[in-house]
1. Mind counting the residues in the range 23-54 that are under 13 Å from Tyr105 (Cα atoms) and either out of contact with any helix residue (DSSP H, G or I) (no Cβ under 8 Å at 6 or more places or on another chain) or of a type outside the set (A, V, I, L, M, F, W, C) (or both)?
2. I'd like to check something: does the range 73-89 contain any residue that is under 14 Å from Gly15 (Cα atoms), among the charged types (D, E, K, R), within 17 Å of the chain's Cα centre (by Cα) and modelled with pLDDT under 95?
3. Could we say that Asn129 is of a type in the set (S, T, N, Q), at pLDDT below 95 and not in a loop (DSSP other than H, G, I, E, B) here?
4. Hand me the list of helices (runs of 4 or more DSSP H) wholly inside the range 1-95 holding 2 or more residues that are charged (D, E, K, R).
5. Only one residue in Phe87, Phe77 is of a type in the set (Phe, Trp, Tyr), farther than 22 Å from Pro1 by Cα and surrounded by 18 or more Cβ atoms within 10 Å (Cβ to Cβ), so which one is that?
6. Suppose the filter is touching a Ser or Thr at 6+ places or on another chain (Cβ under 8 Å) and either of a type in the set (D, E, K, R) or loosely packed, with under 14 Cβ neighbours inside 10 Å (or both); does Asp14 pass it?
7. Among residues belonging to the range 18-37 that are under 24 Å from Ala90 (Cα atoms) and surrounded by fewer than 16 Cβ atoms within 10 Å (Cβ to Cβ), point out the one that is modelled with the lowest pLDDT.
8. Given the conditions (1) more than 11 Å from Tyr94 (Cα to Cα); (2) of a type in the set (Gly, Ala, Ser); (3) modelled with pLDDT of 95 or more, report the number of the one that Ser40 does not fulfil.
Amino acid sequence: PDENTAVSLTGGCDGRTLVSCALYYKKKIQAYSFGKKNTSDTTIAGELAKGAGINFTEIDLNKEYISAHSLNNGLEFVINSNGTGGFARAHYLYAAKLLQSNFNYLITGNFGSEIFRAVHNIGAVISTNLHHLLNF
């Protein structure tokens, strides 16, 4: 998009690829990541953003998040995905809700590793059953 966009940056391949592409195409972005404060989930992403010269938002998944937001966001995520999304993704919805007041677009690397990974490797999207179907 041509307006300021939030881009997930975790330090993994997906986030780094998205941020690199956005910078290459001179897009207006701000990076974000979530996790427990002062852990590699957020500190690596923060250092990458700093090195790239872009703003960074750290979403702290602390005790307050767990007690006040995790359950409701988890249930909402499962319901809105018609059961295809797991409760473990509650923090994705939580992050989107926090960021929506400042951004019209949120780009994540969800499932990027599944696209880049060879089909013969089982993961979050390539299930054991799908693997068996593809190798008939």
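1. So the answer is 4.
2. There is no residue in the range 73-89 that is under 14 Å from Gly15 (Cα atoms), among the charged types (D, E, K, R), within 17 Å of the chain's Cα centre (by Cα) and modelled with pLDDT under 95.
3. In short, yes.
4. Filter on the range 1-95 gives 13-24, 40-52.
5. Among Phe87, Phe77, only Phe77 is of a type in the set (Phe, Trp, Tyr), farther than 22 Å from Pro1 by Cα and surrounded by 18 or more Cβ atoms within 10 Å (Cβ to Cβ).
6. yes
7. For the range 18-37, the residue satisfying everything is Lys37.
8. Unmet for Ser40, out of (1) more than 11 Å from Tyr94 (Cα to Cα); (2) of a type in the set (Gly, Ala, Ser); (3) modelled with pLDDT of 95 or more: (3).
The values are calculated or read from the model by the stated rules, or taken from the named source; none is laboratory data. Quantities reported herein were computed from a predicted structural model and do not represent experimental measurements. All Cβ positions, even for glycine, are placed from backbone atoms using ideal geometry, and neighbour counts span all protein chains on display.
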